[in-house]
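K.L.:
Encoded as structure tokens, here's the structure I'll be asking about.
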Ligand code: SAJ
């Protein structure tokens, strides 16, 4: 008999997963609290810009609901709800807790619940389980619990939900066995069983903290090499010729997104509660969070050098999204740059081809500006050359993603600064 899978949370993580599960022959339902998202999915329209999702929606058997009572028909329930940080950079598990409070009402006997949301070690055991067992149900007897941290990489043409290897932790042997079997049935990728829920929770925060500290390393190098007159990108590319023990990361205007700038705080906070202070992770976060002000500082120094007045300088900020060629503002450094520019009394115009609320075109943004900051390396900006700026009043170019053709700018009358180059 075909099993039915329910995916709770139909965003960047849950929707691709639900579509894959449907394609693999399971019965599948989606649950989301956002009625408009449910309506768009049932009308076969992608609730966010993603061509692959748009295509898959045309043939899927997925039906979406806002009612958690629909979970009664599910054999496997997978939770893919956001786990953000709050204004003080502390973990915010309220959305996950709310989902679990709803799910436990419809968790029929023998069902498997899998958490995919990114969480720190201890969340399943210390926060999720007490909610699920509050009415007397017992994990391992009445239901099963596993954790399989999501690994979606928005905009990646090579790696998607169907072929990215996964790790799985289980409450007990049956939970682990059932969850590993499920993922092996839908993935064309290895599935690695971990010894516990905590180990599986730790894998995700560790892999993303790894990325955050490596980006912080090159960001600190960039700020140092800017003073030393060394092109840090050339140096990183040189180091990357070493065929082992080096993994290149690149400096930029800051670290955004729903993963990298968020996940380290989940580990920092939990470890602190257990009596350990992650000074290294905190330092990396501090370095990366300082990059927007480093970019603005470079602009202000260039305004002085060009003998312009800040109050009379209009800055075109190109790119609001946190990463190239997607339209995603979550934790985007561009937003911090815009805020800092406003605090300095500068007039700001923004352009991002993926964000409708910005000005209509690149030319529109450039034509009345005296300075430009490239904050996201969207494909549309990469060919920008001094010649294109001839008919504008632009005198300053801050290449916040080192994505422009530096030699062409250095040979021009423009003031050009990259990040560490
Ligand atoms: N960034 C840098 N320098 C780098 C790499 C990234 O400044 O060398 C910045 C980006 O501009 C962006 C932020 O960091 O603002 C995050 O970039 P990202 O490429 O890590 O993109 P994400 O946030 O989509 O990260 C996802 C993550 N996937 C999951 O969490 C499942 C992450 O684990 C992946 O490593 C990453 O994609 C990836 O490899 O692309």
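K.L.:
In a Gaussian network model over the chain where Cα atoms closer than 10 Å are linked, find which of 365, 306, 290 has the largest mean-square fluctuation.
P.N.:
The residue with the greatest mean-square fluctuation here is 306.
K.L.:
Please compute P(r) over all alpha-carbon pairs of segment 299-421, binned at 10 Å starting from zero, and give each bin as a whole-number percent.
P.N.:
Per 10 Å bin, starting at zero, the Cα-Cα P(r) for segment 299-421 comes out as 14, 51, 33, 3 percent.
K.L.:
Let me see the pair-distance distribution of the chain: every alpha carbon pair, 10 Å bin width, integer percents in order.
P.N.:
Bin by bin from 0 Å, the calculated values are 4, 20, 27, 23, 16, 8, 2, 0.
K.L.:
Just how far, in whole angstrom, is segment 262-295 from segment 22-47 if you go by their alpha carbon centroids?
P.N.:
Segment 22-47 and segment 262-295 have Cα centres spaced 36 Å from each other.
K.L.:
Continuing with this model, one more query. At 222 nm, what value in deg cm²/dmol follows for the chain if DSSP H runs of at least 4 each add -39500 (n - 2.57) and the sum is divided by all its residues, to the nearest 500? Can you show the working numbers first?
P.N.:
Values: 14 runs with 152 residues, N = 421.
Taking each H run of at least 4 residues, the total per residue is -11000 deg cm²/dmol.
K.L.:
Let me ask another. Once you keep just the Cα pairs under 8 angstrom separated by 6 or more residues, what percentage relative contact order results for segment 280-421? Spell out each step's value before the answer.
P.N.:
On the way: 252 pairs, mean separation 33.0, N = 142.
RCO, segment 280-421: 23 percent.
K.L.:
In whole angstrom, note down how far apart the Cα centers of segment 57-103 and segment 223-249 are.
P.N.:
Each part's Cα centre sits 42 Å from the other's.
K.L.:
Could you give the length gained by full extension between residue 363 and residue 244, i.e. 0.36 nm per residue of separation minus their alpha carbon distance, to one decimal place? List each step's numbers first, then the result.
P.N.:
On the way: separation 119, 0.36 × 119 = 42.84 nm, distance 4.39 nm.
In short, 38.4 nm is gained.
K.L.:
OK, next. Could you let me know the centre-to-centre spacing of segment 351-367 and segment 120-159, using Cα atoms, in angstrom?
P.N.:
One Cα centre to the other: 41 Å.
K.L.:
Could you give log10 I(q)/I(0) at q = 0.15, 0.19, 0.24 Å⁻¹ for segment 126-219, computed by the Debye formula over C-alpha point scatterers of equal weight, without solvent?
P.N.:
With one equal scatterer per Cα and no solvent, log10 I(q)/I(0) is -0.69, -0.95, -1.20.
K.L.:
Follow-up question, since we're still on this one. Pairwise over distinct Cα atoms, reciprocal of the mean inverse distance: report the Kirkwood radius of segment 238-374 in Å, one decimal place. Write down the numbers at each step before the final one.
P.N.:
Numbers: mean 1/r = 0.0590 Å⁻¹.
For segment 238-374, the Kirkwood estimate is 16.9 Å.
K.L.:
Considering the Cα positions of segment 349-397, please state its Rg to one decimal place and its Dmax as a whole number of Å.
P.N.:
In order Rg, Dmax, the Cα atoms of segment 349-397 give 10.3, 28 Å.
K.L.:
Roughly how tilted is helix 94-103, in degrees to the nearest 10 and between 0 and 90, from the longest Cα axis of the chain?
P.N.:
Here the helix axis deviates by roughly 20 degrees.
K.L.:
Still on this structure, please answer the following. Going out from 0 in 5 Å bins, what whole percent of all Cα-Cα distances in segment 1-90 drops into each bin?
P.N.:
3, 15, 26, 24, 16, 8, 4, 3, 1, 0
K.L.:
Taking every pair of Cα atoms in segment 38-111, average 1/r, invert it to obtain the Kirkwood radius, and report Rg/Rh to two decimals.
P.N.:
Radius of gyration relative to Kirkwood radius: 1.04.
K.L.:
Is the shape of segment 88-181 rounded, prolate or oblate, going by the alpha carbon gyration tensor and its root eigenvalues a ≥ b ≥ c, with a/c under 1.5 for rounded and a/b larger than b/c for prolate? Mind dumping the intermediate values first?
P.N.:
On the way: a/c = 2.18, a/b = 1.35, b/c = 1.62.
Oblate, since a/c reaches 1.5 and b/c is not below a/b.
K.L.:
While we're on this one: Could I have the simple spin-label model distance between residue 138 and residue 234, label points 7 Å from Cα toward Cβ, reported in nm to one decimal?
P.N.:
The two pseudo-label positions are separated by 6.9 nm.
K.L.:
Can you give the relative contact order of the chain as a percent, counting alpha carbon pairs under 8 Å and 6+ residues apart?
P.N.:
It comes to 11 percent, rounded to a whole number.
K.L.:
Could you put 280, 294, 182 in order, starting from the residue whose Cβ has the fewest other Cβ atoms within 10 Å?
P.N.:
Numbers: 280 13, 294 19, 182 24.
The most exposed by this proxy come first: 280, 294, 182.
K.L.:
What relative contact order, as a whole-number percentage, does segment 1-136 give when Cα pairs under 8 Å and 6 or more residues apart are counted?
P.N.:
Numbers: 221 pairs, mean separation 33.5, N = 136.
Once normalised by length, the contact order is 25 percent.
K.L.:
Relative to the first principal axis of the alpha-carbon coordinates of the chain, what is the inclination of helix 333-343, with its axis defined by its Cα atoms, in degrees from 0 to 90 and to the nearest 10?
P.N.:
Long axis of 333-343 versus the principal axis of the chain: about 50 degrees.
K.L.:
Relative to the first principal axis of the alpha-carbon coordinates of the chain, what is the inclination of helix 279-289, with its axis defined by its Cα atoms, in degrees from 0 to 90 and to the nearest 10?
P.N.:
The angle comes out near 50 degrees.
K.L.:
Now, a different point. Using a ≥ b ≥ c from the Cα gyration tensor of segment 264-329 (square roots of the eigenvalues), is it rounded, prolate or oblate, where a/c under 1.5 gives rounded and otherwise the larger of a/b and b/c decides, a/b for prolate?
P.N.:
Numbers: a/c = 4.56, a/b = 2.04, b/c = 2.24.
It is oblate, given that a/c is not under 1.5 and a/b is not larger than b/c.
K.L.:
Same structure again: Averaging the inverse of every distinct alpha carbon separation and then flipping it gives the Kirkwood radius. What is it for segment 366-421, in angstrom units? It would help to have the intermediate numbers written out before the result.
P.N.:
On the way: mean 1/r = 0.0897 Å⁻¹.
It works out to 11.1 Å.
K.L.:
Ranked highest first by the average count of other Cβ atoms within 10 Å around their residues, in what order do 9-22, 240-253 fall?
P.N.:
Values: 9-22: 24.4, 240-253: 14.3.
Averaged packing, sorted descending, gives the order 9-22, 240-253.
All of the numbers you see were taken from the coordinates with simple rules; none came from a lab. Since the model is a prediction, treat every value here as computed from it, not as a measurement. So basically every Cβ, Gly included, is an ideal-geometry build from the backbone, and we count neighbours across all protein chains shown.
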